[in-house]
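The values are calculated or read from the model by the stated rules, or taken from the named source; none is laboratory data. If you're wondering where the values come from, they're calculated on a predicted model, not measured in any experiment. Because the Cβ atoms are built from the backbone with ideal geometry, glycine has one as well, and the counts that use them run over all protein chains shown. These area figures cover heavy atoms from the full protein model, side chains too; ligands, DNA and RNA do not enter into them. Shrake-Rupley method; radii C 1.70, N 1.55, O 1.52, S 1.80 Å.
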Amino acid sequence: MTARVPNEPVAPGRTAAVDVAWAGAAVQRGGRRVVDGVDLSVSGGSWVSLLGPNGAGKTTLVRTLAGSGLDAGSVSIGGRSLGDLSARERARLIAVVPQHPVIPPGIAVFDYVLLGRAPHQGLRFAASEEDRRRTHAVAQRLDLDELSTRTLESLSGGERQRVVLARALAQDTPVLVLDEPTTFLDVGHQLAVLELIAELRAERSLTVITTMHDLSVAGQFADTVAVMSAGRLIAHGRPAQVLTPELIETCWGVAATTTVDGHGGVTVAVQRRREVPLWPGRARVTEPPESSTPTTLEPTR
Amino acid sequence: MGAVAVDEQGLRVALPRGTRLETGWLVGGIAAALGAVVLGLWLGPVSIPPGRVMLELLDRLPVIDIDSGLSVSDRAIVWDLRAPRVVLGLLVGGLLAGSGAAYQGVFRNPLADPYLLGIAAGAGLGATLAIVSGVGDGIGVVDPVPLAAFVGALVAVAAAGMLGTRRGRSGTASTLILAGVAVASFLTAVQTYVQQRHAESLRQVYSWLLGRLSTSGWGEVGLLAPYAVACVVVLTLSVGALDVLAVGDDEAASLGMRPRRVRLVVLGAASLGAAAAVAVSGLIGFVGLIVPHVVRRLTGVSHRQVIPLSFLFGGAFLVLTDIAARTVQAPAELPIGVITAFIGAPFFLLILRRGSEA
């Protein structure tokens with residue numbers, strides 16, 4: 001028996017951060033250009049959040065990283081054109097957390113996370129001890145130890161999201177793509193997932209690419225935000241430079257106020273656009289409470 | 001003891017294994033198959049003492065030389081009548097169950113069975129044509145009915161495969177299924193028409209369609225064996241790929257796999273095995289559907305367990321049902337498809353209920 005206890009850190013980090021760049025990228029769907037000449041460079045080790053209204057082409061753009069083809073232009077990763085890579089080579093560079101992952105019925109957490117090792121395995125997809133060790137390390141890092149024999153169906157939404165993230169991390173890629181990673185989570189779990197991604201990004205020098213709807217979340221976690229509209233990239237830069245009330249008005253058609261904190265993080269508050277019918281009793285609570293005492297909802301007070 | 005990892009407190013903990021074929025289940029599967037074989041050699045219309053059958057079996061092992069005390073005619077019953085039939089049952093049951101498991105895995109659909117892409121309809125048409133044309137009455141050395149059924153089955157699957165992968169977003173699982181359904185309906189219509197036009201062969205066609213494991217010596221086993229070996233080898237090597245494919249085409253591709261290629265290889269091997277099984281045994285239903293489900297209920301969803309154990313338990317199951325088919329109304333024989341459904345359906349329901357209560 002050779003029970004080797006590894007001395008190296010459990011999650012061997014990537015040292016070389018990898019750039020991702022789209023040049024003139026275009027994708028056609030049903031005769032429509034859903035991605036239309038996008039030039040976007042993401043520096044290695046940074047976090048970019050793709051923003052834009054529904055149908056702007058965010059998801060289509062990130063899917064070009066997962067092997068769905070471009071109709072024009074190119075996407076390169078670490079200076080290599082993605083089109084020149086085999087599926088397996090690509091999967092060793094880019095891990096994807098889909099918005100709606102397919103959960104095989106009855107699969108256990110450890111087995112599911114182990115699937116992330118597939119690009120490092122042979123044609124038979126047999127797991128080596130190294131594969132199991134890495135999988136275990138990732139599961140430990142994301143506090144999934146206790147869950148490893150549970151089925152994914154039995155987990156809560158937040159736990160399941162961590163498991164899917166763990167599978168992507170087990171792939172051991174320099175680039176991590178997350179499509180709407182917080183969609184089905186409550187605010188507490190949203191922050192938990194994003195804080196975790198921020199930590200992992202720092203630990204592993206990951207280049208993180210996310211699509212998002214929540215502007216405040218993007219404004220606080222991403223290093224840069226890229227705003228798309230009708231298939232085109234209309235702005236890319238630091239959140240404080242890009243997420244201005246003017247741009248939000250232009251792109252989403254809503255009035256918003258923004259607050260920039262000391263670290264360049266942006267929070268966005270969106271206002272109702274017009275008068276809408278409200279419960280009559282509601283209008284009587286007009287003034288916000290002056291102190292921090294909680295507001296009561298009794299209209300007769 | 002297996003590999004070790006370190007937990008957060010710095011303690012050594014066993015590194016989780018991930019699902020793999022458990023030795024206990026493998027031994028259980030082999031034991032079930034062997035047990036069924038012994039029962040199949042022992043039980044039949046003519047009673048032969050089981051102890052002597054065991055001795056006779058041992059005698060056939062290399063080096064061992066025992067006198068089992070069987071008479072010449074009993075020995076002939078065991079070796080020339082029962083043994084080929086038992087081995088054929090083992091192969092046919094294993095192939096149907098194993099390819100059923102593979103089909104369910106590829107299509108990620110619990111209702112898939114090896115007949116999904118038209119194998120049954122194609123084989124039925126092939127066999128019907130051979131029977132009504134009269135060539136079934138024996139010309140030369142090759143029995144034309146299985147040959148025609150085999151060709152018909154492969155033509156049907158190939159047609160479904162090509163029609164289902166030609167256009168647009170080619171080769172998704174659902175276009176394949178739809179093409180298979182269309183091909184099967186078409187071929188069944190042709191088969192029914194041919195059958196109606198030749199009412200005199202109705203009984204013969206009908207009996208073929210119901211399925212049976214009758215043998216004349218080792219011929220059928222010899223016909224089936226090469227396809228069985230190919231099917232078992234390819235599917236056993238594909239268990240890991242099938243587990244990756246369980247997350248769907250898009251995610252499997254993002255994990256570095258080429259889902260269409262895997263689907264082609266797995267469906268090709270499974271169809272070849274199932275077509276060969278159908279060619280020699282007719283349409284035996286239910287085995288390809290229920291055996292993989294029962295195995296899944298018992299061992300979990302990983303193909304690393306489901307595929308090999310479906311081969312073993314499917315073989316054992318069909319040998320056992322064949323014993324019932326040839327003894328219940330001896331000397332007459334019941335169609336084995338009747339027995340597989342009659343025994344299989346309640347057993348399946350029992351497993352389903354127990355599983356949902358657990």
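Shape annotation for the protein assembly as shown: C-alpha extents along the principal axes are 103, 64, 63 Å, from largest to smallest. With the simple model of a label 7 Å out from the Cα in the direction of the Cβ, B:Gln329 to B:Arg60 spans 2.9 nm. Build a GNM of chain A with springs between Cα atoms under 10 Å apart, and of A:Asp39, A:Asp186, A:Asp172 the one that fluctuates most is A:Asp186.
Based only on the alpha carbon positions, what is the Kirkwood hydrodynamic radius of chain A, in angstrom? Show your work: numbers first, answer last.
Working: mean 1/r = 0.0472 Å⁻¹.
Its Kirkwood hydrodynamic radius stands at 21.2 Å.
So, counting K/R as plus one and D/E as minus one, what does the shell of residues with Cβ under 13 Å around B:Ile177 add up to? Net local charge, B:Ile177 excluded: +1. The charge dipole of the protein assembly as shown, taken about its Cα centre with unit charges on the Cβ atoms of Lys, Arg (+1), Asp and Glu (-1) only, comes to about 920 debye. The length gained on full extension between B:Val181 and B:Ser133, counted as 0.36 nm times the residue separation minus their Cα-Cα distance, comes to 14.6 nm.
Modelling each spin label as a point 7 Å along the Cα-to-Cβ direction, I'd like the B:Arg353/B:Val190 distance in nm, to one decimal. So the label points at B:Arg353 and B:Val190 sit 4.4 nm apart.
Across chain A, where is the longest run that never hits GluC sites (Glu not before Pro) in a DSSP loop with at most 13 other C-beta atoms within 10 Å?
Counting at most 13 other Cβ atoms within 10 Å as exposed, the longest clean stretch of chain A is A:1-274.
Per atom type, the range A:20-239 shows carbon and sulfur on 48% of its accessible surface, probed at 1.4 Å.
How much length would be gained if the chain were fully extended between A:Ala126 and A:Ala230, taking 0.36 nm per residue of separation minus their Cα-Cα distance, in nm to one decimal?
Working: separation 104, 0.36 × 104 = 37.44 nm, distance 4.38 nm.
Difference between extended and current length: 33.1 nm.
Which value, in Å², gives the accessible area per residue of chain A when a 1.4 Å probe is used on the protein heavy atoms?
Details: 14610 Å² over 301 residues.
Averaged over the residues of chain A, the accessible area is 49 Å².
Calculated FRET efficiency, A:Arg238 to B:Val265, Cβ-Cβ distance, R0 = 35 Å: about 0.10 to the nearest 0.05.
Helix A:157-170 and the longest principal axis of the Cα set of chain A meet at an angle near 40°.
Looking at chain B, the accessible area is 46 square angstrom per residue; that uses a 1.4 Å probe and ignores ligands, DNA and RNA.
Multiplying each eigenvalue of the alpha-carbon gyration tensor of the range B:49-136 by 5 and taking the square root yields semi-axes of 39, 21, 8 Å, largest first, rounded to whole angstroms.
Panel note: contact residues of the range A:101-150 (accessible area lowered by at least 30 Å² against the chain on its own; 1.4 Å probe) correspond to A:Val102, A:Pro104, A:Phe110, A:Asp111, A:Leu115, A:Arg124, A:Phe125, A:Arg132, A:Arg133, A:His136, A:Gln140.
Taking 0.36 nm per intervening residue step and subtracting the Cα-Cα distance, what contour gain separates A:Thr183 from A:His263 on full extension? Each step should come with its number before you reach the end.
Details: separation 80, 0.36 × 80 = 28.80 nm, distance 2.54 nm.
Roughly 26.3 nm would be gained on extension.
A Gaussian network model of chain A, with springs between Cα atoms under 10 Å, assigns the largest mean-square fluctuation among A:Val20, A:Val42, A:Val102 to A:Val102. Placing unit charges on each Cβ (+1 for Lys and Arg, -1 for Asp and Glu) gives the range A:24-162 a dipole about its Cα centre, and among A:Ser68, A:Phe125, A:Val97 the Cα reaching farthest toward its positive end belongs to A:Ser68. Taking a sphere under 15 Å around the Cβ of A:Gly79 and counting the other residues whose Cβ falls inside, with K and R at +1 and D and E at -1, yields a net charge of -1.
For the pair A:Ser81 and A:His100, label points projected 7 Å from Cα toward Cβ lie 3.4 nm apart.
Measuring nothing but protein heavy atoms, the accessible surface of the range B:238-358 at 1.4 Å probe radius is 66 percent carbon and sulfur. Of the GluC sites (Glu not before Pro) found in the range B:1-99, those that fall in a DSSP loop while having at most 13 other beta-carbon atoms within 10 Å are B:Glu8.
For the pairing of chain A with chain B, what total accessible surface becomes buried, with a 1.4 angstrom probe, in square angstrom to the nearest 100? If you can, show how the numbers build up before the last one.
On the way: alone 16010 and 17910 Å², together 31020 Å².
Rounded to the nearest hundred, the buried surface is 2900 Å².
Other residues lying with their Cβ under 15 Å from the Cβ of A:Gly265 contribute a combined charge of -3, Lys and Arg counting +1, Asp and Glu -1.
Under the classification rounded if a/c is under 1.5, otherwise prolate if a/b is larger than b/c and oblate if not, where does chain B fall, given a ≥ b ≥ c as square roots of the Cα gyration tensor eigenvalues? It is oblate, given that a/c is not under 1.5 and a/b is not larger than b/c. Do you know which residues of the range B:292-316 lose at least 40 square angstrom of accessible area in the protein assembly compared with their chain on its own, with a 1.4 angstrom probe? Residues shielded by partner chains are B:Val301. In the elastic network of chain B, a GNM with C-alpha springs shorter than 10 Å, the most mobile of B:Ala160, B:Ala148, B:Ala252 is B:Ala252.
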